[in-house]
1. Within the stretch 90-101, identify whether any single residue is more than 11 Å from the ligand (Cβ to nearest atom), buried (at least 20 other Cβ atoms within 10 Å of the Cβ) and closer than 23 Å to I178 by Cα, and answer yes or no.
2. Suppose we filter I268, I308 for residues that are under 19 Å from G228 (Cα atoms), β-branched (V, I, T) and part of a helix (DSSP H, G or I); which single one remains?
3. Looking at R58, is it at pLDDT below 95 and assigned by TED's automatic domain parsing to the domain that holds I178?
4. Sort out which residues of the stretch 17-38 are touching a residue at least 60 places away in the same chain (Cβ under 8 Å) and among the β-branched types (V, I, T), and write them in order of number.
5. Could you check P114 against (1) without any contact (Cβ under 8 Å) to a residue 40 or more places away in the chain; (2) away from the ligand (no atom under 11 Å from the Cβ); (3) surrounded by 15 or more Cβ atoms within 10 Å (Cβ to Cβ) and say which number it fails?
6. Looking only at the stretch 57-81, which residues are out of contact with any strand residue (DSSP E or B) (no Cβ under 7 Å at 6 or more places or on another chain) and not in a loop (DSSP other than H, G, I, E, B)?
7. Looking at A41, A87, A14, A54, which is the one that is free of Cβ contacts under 8 Å to residues at least 60 places away in the same chain and either within 11 Å of the ligand (Cβ to nearest atom) or more than 26 Å from A302 (Cβ to Cβ) (or both)?
8. Of the residues S128, S122, which single one is touching a residue at least 12 places away in the same chain (Cβ under 8 Å), part of a loop (DSSP other than H, G, I, E, B) and surrounded by 14 or more Cβ atoms within 10 Å (Cβ to Cβ)?
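The values are calculated or read from the model by the stated rules, or taken from the named source; none is laboratory data. In this text the structure is predicted, and so the values were computed from the model without any measurement. Don't worry about glycine lacking a Cβ; one is built from the backbone with ideal geometry, like all the others, and counts go over all protein chains shown.
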Amino acid sequence: MNVDKIQKVAVIGAGLMGHGIAQELAQGGYEVGLNDVTDEALEKAIVRIRDNYAMLEREGLLSQGKGEKAIGLVQTSVDIGVAIDGADLVIEAVVEDLALKLDIFGKLDAWCEPQTILATNSSSYMPSKIAVVTDRPEKVVGMHYFNPPFLMPLVEIIKSDQTSDQTAQVAYDLMVKIGKSPVMVQKEIPGFIGNRIQAAVWREILWLVEEGIATPQDIDTVVKTGLGRRLAVAGPFELTDLTSLAMKQAIMEELLPSLASGQKVPVILKEKVEEGELGIRSGKGFYEWTPESGEDLRTRVAKALIEIGKWDQ
Ligand SMILES: NC(=O)c1ccc[n+]([C@@H]2O[C@H](COP(=O)([O-])OP(=O)(O)OC[C@H]3O[C@@H](n4cnc5c(N)ncnc54)[C@H](O)[C@@H]3O)[C@@H](O)[C@H]2O)c1
């Protein structure tokens, strides 16, 4: 199998991630079989895809009419057998429930052609954990997208120690072909790369708040107006090379002993979850939210991601 053999991709689960994954594959010219458990979920996915294409066309990131043509490549079905029929690659994006994922991978293994690659978009389950129910662990790979998939270029391709190089390469090459920025994670590890970095940041910022060193507002200001602004343009290694490795060494020697190093979820986060303060969805998280202010933030983030997307063009 090489990437040129791929003609049809099936996407299982048409929610937040699945609809965006399907959208980009269709935009790349691939036939897509999109599956979910209800017709309503599939109809909602098509509405979302159409809206996203319209936004990309308005912003000049997609030629006029290309979206409608791409939608013609997406075939929806509540019957998983129909969605995967003839698929060269299946990307699973159902809810984060291991038992459900195992059930689906068992079916995929039994029903797909022997050469079909089976991928999971799971954020927390490593491909080896899911491949156990299949007779093709060498063809099981992680393809971890970031939300919203159609505005975030990164896809982490995760190899278990049984995933073949060829399988991982096909997944990687396909992402290059449709304009994503894939990165190969050579050995599976919890959180892969992106979420490990994010978790290290969360541990530190929650500790800073717990210790009364800064408020969440101040920390957001530091990140938005300081380090985050640079990181949108250049990576941490590039930025280090731009300054001095000796300076970085001196900073690390001074700081490392005082950095947060706890292995338990910080109390401040646990308390908020226990009190039902879950963020925009519950009206309160680290800030107070109304439906309007929550929507404003979503729109602000999407607009900025679109502008940054134009840099890549
Ligand atoms: N949300 C994120 O930011 C994000 C980022 C990267 C990866 N992921 C991963 O993507 C996966 C999906 O997350 P999401 O945020 O899109 O969730 P979601 O709840 O928005 O969508 C999941 C979809 O799966 C469908 N589903 C449930 N059971 C099914 C079944 N048996 N067959 C087919 N479809 C079924 C649901 O109806 C729903 O539409 C998870 O594994 C998650 O870890 C999420």
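1. yes
2. Exactly one residue qualifies, and that residue is I308.
3. yes
4. Within the stretch 17-38, just I21 meets the criteria.
5. Just one mismatch for P114, condition (3).
6. E57, R58, K66, G67, E68, K69, A70, I71, G81
7. Among A41, A87, A14, A54, only A41 is free of Cβ contacts under 8 Å to residues at least 60 places away in the same chain and either within 11 Å of the ligand (Cβ to nearest atom) or more than 26 Å from A302 (Cβ to Cβ) (or both).
8. Numbers: S128 fails: part of a loop (DSSP other than H, G, I, E, B).
Only one candidate passes the filter, namely S122.
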